[in-house]
Amino acid sequence: MENPINPYESDELLQQYLVFHYANGPEQFPYPFGGADALDFPKRCVVDGLALEQLPADARALDLGCAVGRSSFELARYCREVVGIDYSQAFIDGARRLAADGRHPAARLDEGSATTELAVSVAKEIDRSRVTFEQGDAQDLRGDIGQFDCIIACNLICRLPEPMRLLCRLPELLKPGGQLFITTPFSWLEAYTPTENWLGDGAQDSFAGLRTALEPSFLLDARWDMPFLIREHARKFQYSIAQASRWVRVPGA
Ligand SMILES: C[S@@+](CC[C@H](N)C(=O)[O-])C[C@H]1O[C@@H](n2cnc3c(N)ncnc32)[C@H](O)[C@@H]1O
């Protein structure tokens, strides 16, 4: 049953995220101008976000706010075990179906009530058995989740009521030398996060707030801008620019 309070439980956003994560370029954005540089965001979060060559052969990865799981599957190309966690039961059900069957139907919205039925899928060469998906709260992760070689949290922190609860927990979740990759457009909304919890002194400078929360346990390795495109319908797209940053867990700090 749909949860009217959490939009991420709605069928509308489930279909939108299945398309966002898995549909190919022309299926999402069938135009010869603009936009295409912002496609494939969940894959770019893995291949650009992490220094993949530095991961150990038996790496464990955590994808927080994994939605319908594309980044988790991409992580499985490089990591022996991947845990994807999302608060939305509808998204986790979709991700689990993709793990089990390798495919999922997706209704792409074209206009008004017109949709195109797609069958989105996980690339055949990915070992889906490496990935498990759990419904859970990134602010209150289970105590026995263990430690990871890399953690990604993409476009999650400005959807949390209390981002600091997650940020304070991160040092114990990452192994020394482990990598943390965070993206966020800092789209603060009171519907998700009370203003007093916006990072950076009421979001005067959100990245400064993120930095204060992570240092000295983490060292900033790189920081850049990452565009992403979410299709609403054939003639309406959300073009956003996330702030991306990669951090390394400082041993002993
Ligand atoms: C903007 S989406 C980003 C999803 C995905 N990482 C991506 O980049 O496409 C935010 C995601 O965070 C999830 N989320 C919101 N609150 C959460 C929480 N407390 N714990 C875990 N996930 C949460 C939502 O269900 C949604 O899937």
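The values are calculated or read from the model by the stated rules, or taken from the named source; none is laboratory data. Everything quoted here is computed from the prediction, not taken from an experiment. When we count neighbours, we look across all protein chains shown, and the Cβ atoms used for this are built from the backbone with ideal geometry, even at glycine.
Scan region 143-168 residue by residue and report those that are in a loop (DSSP other than H, G, I, E, B) and away from the ligand (no atom under 12 Å from the Cβ).
Within region 143-168, Gly143, Asp144, Ile145, Gly146, Gln147 qualify.
Could you look through region 119-142, keep only residues that are surrounded by fewer than 17 Cβ atoms within 10 Å (Cβ to Cβ) and basic (Lys, Arg), and pick out the one that is farthest from the ligand (Cβ to nearest atom)?
Lys124
Determine the pairs where a residue that is closer than 14 Å to Leu98 by Cβ, located within region 60-78, has a partner that is at pLDDT 95 or above and assigned to a loop (DSSP other than H, G, I, E, B) with Cβ atoms under 7 Å apart, the partner being 6 or more residues away or on another chain.
Close Cβ pairs (under 7 Å, with a partner that is at pLDDT 95 or above and assigned to a loop (DSSP other than H, G, I, E, B)) amount to Ser72/Cys66; Phe73/Val122; Phe73/Ile126; Ala76/Ile126; Ala76/Asp127.
Here's the yes/no breakdown for (1) touching a Pro at 6+ places or on another chain (Cβ under 7 Å); (2) touching a residue at least 12 places away in the same chain (Cβ under 8 Å):
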residue: Ala119; (1), (2): yes, yes
residue: Asp140; (1), (2): no, yes
residue: Cys150; (1), (2): no, yes
residue: Leu160; (1), (2): no, yes
residue: Met164; (1), (2): no, yes
residue: Asp205; (1), (2): no, no
residue: Gly209; (1), (2): no, no
residue: Leu219; (1), (2): no, yes
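Across region 1-58, which residue is nearest to Leu180 (Cα to Cα) among those that are of a type in the set (S, T, N, Q) and more than 16 Å from the ligand (Cβ to nearest atom)?
Gln54
Pick from Pro42, Pro30, Pro7: which is farther than 27 Å from Arg223 by Cβ and touching a residue at least 24 places away in the same chain (Cβ under 8 Å)?
The unique qualifying residue is Pro30.
Have a look at Tyr192, Tyr239 and point out the one that is within 30 Å of Leu109 (Cα to Cα) and either modelled with pLDDT under 95 or part of a loop (DSSP other than H, G, I, E, B) (or both).
Step by step, each of Tyr192, Tyr239 is checked, and only Tyr192 is within 30 Å of Leu109 (Cα to Cα) and either modelled with pLDDT under 95 or part of a loop (DSSP other than H, G, I, E, B) (or both).
Go through region 120-142 residue by residue and tally those that are outside any loop (DSSP other than H, G, I, E, B), in contact with a Lys or Arg (Cβ under 8 Å, 6 or more places away or on another chain) and among the aliphatic types (A, V, I, L, M).
1
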